[in-house]
1. For label points placed 7 Å from Cα toward Cβ, what is the shortest-first list of nm distances from residue A:172 to its copies?
2. For residue B:548 and residue B:35, what is the calculated FRET efficiency with R₀ set at 51 Å and r taken between the beta-carbons, to the nearest 0.05?
3. Can you list, largest first and rounded to whole Å, the semi-axes you get for the range B:453-547 by taking the square root of 5 times each eigenvalue of its Cα gyration tensor?
4. Could you please tell me the mean projected area of the C-alpha convex hull for the range A:129-242, averaged over all directions and given in square nanometres to one decimal?
5. Please report Rg (one decimal) and Dmax (integer) in Å for the Cα set of the range A:1-121.
6. Quick one: Cα centre-to-centre distance for the range B:334-376 and the range B:35-65, in angstrom?
7. Which distances in nm, rounded to one decimal and ordered from shortest, link the label point of residue A:483 to the equivalent label points in the other identical copies, with labels set 7 Å from Cα toward Cβ?
8. With labels modelled as points extended 7 Å from the Cα through the Cβ direction, what inter-label distance (nm, one decimal) is found for residue A:97 paired with residue A:84?
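Bear in mind these aren't lab numbers, they're just calculated from the coordinates by the rules spelled out. Bear in mind that the values here come from a model prediction, so they are computed numbers and not experimental data. Glycine also receives a Cβ, built like all others from the backbone with ideal geometry; neighbour counts cover every protein chain displayed.
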Ligand SMILES: Cc1cc2nc3c(=O)[nH]c(=O)nc-3n(C[C@H](O)[C@H](O)[C@H](O)COP(=O)(O)OP(=O)(O)OC[C@H]3O[C@@H](n4cnc5c(N)ncnc54)[C@H](O)[C@@H]3O)c2cc1C
Ligand SMILES: Cc1cc2nc3c(=O)[nH]c(=O)nc-3n(C[C@H](O)[C@H](O)[C@H](O)COP(=O)(O)OP(=O)(O)OC[C@H]3O[C@@H](n4cnc5c(N)ncnc54)[C@H](O)[C@@H]3O)c2cc1C
Ligand SMILES: CC(C)(COP(=O)(O)OP(=O)(O)OC[C@H]1O[C@@H](n2cnc3c(N)ncnc32)[C@H](O)[C@@H]1OP(=O)(O)O)[C@@H](O)C(=O)NCCC(=O)NCCS
Ligand SMILES: CC(C)(COP(=O)(O)OP(=O)(O)OC[C@H]1O[C@@H](n2cnc3c(N)ncnc32)[C@H](O)[C@@H]1OP(=O)(O)O)[C@@H](O)C(=O)NCCC(=O)NCCS
């Protein structure tokens, strides 16, 4: 059997090594366009930053190692320019040969990844404008830095954009960010990341949110970036990080079916419309775990695992790739932003019913030093409490909780199941009621009617017909409060019920506190004391502030 | 409705607060023997250490707060000395009254926790000998330290024992450890914690493993601890941390059914044999999630969640507590030891079939700075790959992986499911193939016959009939190797197959490397090159060394 793999990094090389482990005798040819295989794309920004100082570290497995250990026919600078599914032949361009060469296959894997999007605007081919996808990209950026670049504009505030901002700042540059959305990390719901925008500003990044680059104009050694809001930014370097699209042109030209989102369509065995041709990694369209609709998920974990599955299925095993849920994480200075499953936006876009809760627990017991607060949003199905998605922003312990929730989503757990999880507790690591249990409590309370929430998006309209009652302490109220709110500390609430009744004059009561815990207790007291129309602010003032930011 | 709760800490107070939230009008009486309620037992060692400097921090919720916010009839120094299930009356001793008083209940919760075990040996009532369960215990220990104690003996190397060792060392004491088992952390399998014993020794702790205290003899201001191995240790302070037992005497005297392990027997609603009487926390016997047999699990998470379930069921909800899986974690200096589900020992005791694998992955991508190696052991069912238990020892990221596995166990996942988990990956947090995915790969390989392991416990007997082949590099072999092993680096294996065949002379081949990865690849090569009887050492030399420690 002769297997040809196009693309020698995450999906491609994971397939190649697994193939060899499973079949010592297959002929395995890996064709890689570039000069590097098995490199850590994800480490590229950290190499620019200097955090990963040695370039060699990015090369996870060397060609020599791969050839020796896995007996791979590994060919660098071999670009596949055509696939002929009928003849089972690929056509290859390589500087080592004057004319294209051909290679026969029994089974083919297309693992060519994605392409960084380029803005189709004037000047986008200027030499100071770079995307970050490969080692040569990084070498070129490093060259510009060595040549004295002092100022950079990063376009796009996704993971790579934010990592690049921090990297360039670590190299001493002044950085400005241009992002079309009115928020950073556009995959997140905006209220979850408004503090990340603040954080960037605190670190000296000038933000241009809700703005787009219109054109790039060369000026002396620099370029001027013209924004949609009329501003111009003179800069030495532009990082274009506006997203990726599947590199599916090769497959399309070969007549393979693409999906509705432009990735290669595959079945659960990762076979394309031609069963002898597989595809894996960024280039394919996957099933979204939660939304059960086609999705493009350009992440390394799925790519690696897909490659492994392709290898197994090529060799006759029945392995399947079920779906991707888009679990992702990014470090922004000391803050971690993580998500898994659907966001509120994506649920709205897909017109799915959902409930949501917010909480702001500590990563570990408050009485043990250095507890750090995190902000957690959980989305779940009104019908059965099935977990749909989660977003967490904070410091320590964020990655842990998102992974637990990612596991829970994969296990099709409901919020009730979260209340039962027995997670590891000792004071340095968690709380007897872990944030995950807490999320389960809140969500179950909402589902079974123990609590009724009101939400930040109802503010300020809500103030027109409801009485806002702030149940925090007077000093907290004095320091900051919702303009229309009256103050009635939780500890005094029971005694104040008669006067509150009078004050409400039949109006609905909308409670709030700082994180939502005290006002939840207040809610329970009032609901059982003759108040019918009461609700408590989900996530409290912290979420309100994040929302109205 | 009048509800009486005996015991005002984790289970008791969680029930009380949830009761009040669900029922504003119930009469809720909390009877607590001591002077404190809602305190952080788990923080006690850290308070002695000075890590939690302020004593007030241990008091998670003050009586004033609890009375005000939750309208609880909270009575300190009220010890229940008898329960009369027929009359629905408890009898209470309190210094505030000359004679016992009585209190009627409609529903009763017994949440009296556990008692620290005392060794029944001569001298165990000496004033320098202390257990660590309550704030007064800690005050007494602190007093001994203030009085100039310089040397301590800790008896018992469980969680509390290890936390106390570190605490006392932080206070400047010289500490010796006496433990009956031949290992520290006796709930763990020994090979997983042999490095923890080393770590303690490196930190200056003198270990007496496999030894027991026989008697305590007063000598001047000190006491001499006489050990089973004939040694005597003169010390100023003895910490007795030899375990706990459920404080079920009160229930037993009231005629309530106890379980086979001595805890109060309860149904899934946490009702005792008298349906008006509930029990929760350390005092009950629970169902073991994995072994499906009665277990005593003295942990704060279960206690808190059980209290909440009792409250719900008392008020007519159908809530259930399904089982406990014993997820636990402890910090020993910078090392974290964590486990969930069954251990190999407990599986053997219960005569359950199991498979096991070992791996030693990094907490995050090796190319990103400061990656820390962890040691992971996974136990799973031979029939269907169902996860039975896990133990992890290492630095960063251990708590995350144990929580993911704890969630997977609760979800009844198999090792195949682990291969599919989509966990959050960016270089600072994990790897594209997370340690959890890796564990799934190894275990699936074992189950489907892709790999055959040999285990450290087979050594050295195995050397009598098998050829041990060390596939590491010559420099690694030179630095350390199994005496009987020959060296054949992985990169040269294919070429050396003919000579290896000759050398093996028909003997089985037992491969190994450092962590098990290279020898797994070697295994795959040899198995497909005419070698029938081959196996690769699970966990490699690292596990072998830990085993034969
Ligand atoms: C800067 C950066 C940071 C990232 N950070 C993260 C992160 O933190 N976490 C995460 O999960 N993911 C991250 N990713 C995404 C992750 O790297 C990708 O999802 C993953 O590499 C996709 O794997 P793949 O095998 O599909 O494609 P790639 O890894 O991109 O490999 C495709 C290979 O195919 C080659 N190729 C393309 N066309 C041809 C052709 N015609 N002939 C021959 N060869 C061809 C390319 O040269 C390339 O080497 C990051 C990506 C980048 C660029
Ligand atoms: C030093 C230490 C460290 C620990 N560390 C951890 C850890 O890191 N992680 C973890 O999960 N668990 C830990 N635990 C265990 C955890 O604290 C217990 O599992 C948990 O507190 C049990 O809760 P409970 O409500 O059953 O009992 P407790 O919290 O012990 O409360 C029982 C209460 O009942 C009172 N009482 C007893 N008898 C009577 C009576 N007759 N009348 C009135 N009142 C009575 C007692 O005075 C006590 O206050 C630790 C425990 C200790 C002692
Ligand atoms: C490195 C690379 C070549 C893959 O190599 P690989 O050998 O398949 O993967 P790993 O090195 O992670 O090893 C995993 C294998 O070792 C096995 N293994 C790991 N630890 C083991 C142990 N202790 N004992 C036995 N086997 C072990 C696993 O089971 C798995 O084998 P399997 O797939 O046959 O089950 C490929 O992932 C790659 O090119 N990576 C870099 C590019 C990249 O991923 N970029 C995007 C992210 S930055
Ligand atoms: C503190 C103690 C009294 C329990 O108090 P509690 O109010 O039940 O628990 P918490 O303070 O953790 O709050 C949890 C409640 O707040 C709710 N909540 C938490 N955050 C919320 C938010 N942001 N919005 C709305 N509700 C929220 C939860 O849903 C839960 O309410 P519910 O049980 O009615 O669903 C009890 O756990 C205790 O005594 N602890 C100390 C002793 C101990 O546990 N020792 C052993 C470990 S060291």
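1. Listed shortest first, these distances are 4.8 nm.
2. Values: r = 50 Å, r/R0 = 0.99.
So, using R0 = 51 Å, E works out to roughly 0.50.
3. Numbers: eigenvalues 67, 43, 30 Å².
The three semi-axes for the range B:453-547 are 18, 15, 12 Å.
4. Numbers: hull surface 26.7 nm².
Orientation-averaged projected area of the Cα hull: 6.7 nm².
5. When restricted to the Cα atoms of the range A:1-121, Rg and Dmax are 15.6, 51 Å.
6. The range B:334-376 and the range B:35-65 have Cα centres spaced 32 Å from each other.
7. Taking the point 7 Å beyond Cα along Cα→Cβ, the inter-copy spacings are 8.5 nm.
8. If labels sit at residue A:97 and residue A:84, their model points lie 1.2 nm apart.
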